[in-house]
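The values are calculated or read from the model by the stated rules, or taken from the named source; none is laboratory data. All figures in this text were calculated on a predicted structure; none of them were measured in a lab. Cβ placement follows ideal geometry from the backbone for every residue including glycine, while neighbour counts extend to all protein chains displayed.
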Amino acid sequence: MIRSFTKEVKIVPSEVTVKLLQQARQHSYNKRFIIDGFPRNEENRTAFDTIMKIEPAFVLFFDCPEEELTKSTLNRNQASLVDDNIDILSKRHKAYFETTLPVIITTLFVWLS
């Protein structure tokens, strides 16, 4: 199910993602985690708050030009991934700017205020 969502450049349902994070946290001896690329939308953030009931100690945000992201992804040294092509990357970037970036800004204010 997760693979099909990823292939279609759709966000995995928030409850699924957060439950996986919760399971990883419960089965680990580590008390601190870095969660890369999350939340991707407002529903992710809300589900995380509701299910996990924890707030991050900090949020790390890297800003990078779209051209550099595309170049880096197309040149990465991985076995040819189905979603590493210019059409899919364009969809990813569009989704990021329309959905993810606004929630990052909101998250910074909500979690860090």
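Among the residues of this structure, Ile54 does not count as one that is out of contact with any Pro (no Cβ under 8 Å at 6 or more places or on another chain) and at pLDDT below 85.
Within region 26-50, restricting attention to residues that are part of a helix (DSSP H, G or I), free of Cβ contacts under 8 Å to residues at least 40 places away in the same chain and under 17 Å from the mean Cα position of the chain (by Cα), the residue that is farthest from Lys94 (Cα to Cα) is Asp49. On the stretch given as region 51-79, residues that are outside any helix (DSSP H, G or I) and among the hydroxyl-bearing types (Ser, Thr, Tyr) total 0. Being surrounded by 11 or more Cβ atoms within 10 Å (Cβ to Cβ) and at pLDDT 90 or above is the requirement here; does Gln22 meet it? So Gln22 fits the description; yes. Taking the criterion of being among the aromatic types (Phe, Trp, Tyr) and either touching a helix residue (DSSP H, G or I) at 6+ places or on another chain (Cβ under 7 Å) or surrounded by 12 or more Cβ atoms within 10 Å (Cβ to Cβ) (or both), would at least one residue in region 27-39 satisfy it? Within region 27-39, one or more residues are among the aromatic types (Phe, Trp, Tyr) and either touching a helix residue (DSSP H, G or I) at 6+ places or on another chain (Cβ under 7 Å) or surrounded by 12 or more Cβ atoms within 10 Å (Cβ to Cβ) (or both).
Each residue in region 51-78 was checked for being surrounded by 10 or more Cβ atoms within 10 Å (Cβ to Cβ), within 16 Å of the chain's Cα centre (by Cα) and among the acidic types (Asp, Glu), and 0 pass. Within region 1-25, the set of residues being acidic (Asp, Glu) and more than 18 Å from Lys91 (Cα to Cα) comprises just one member, Glu15.
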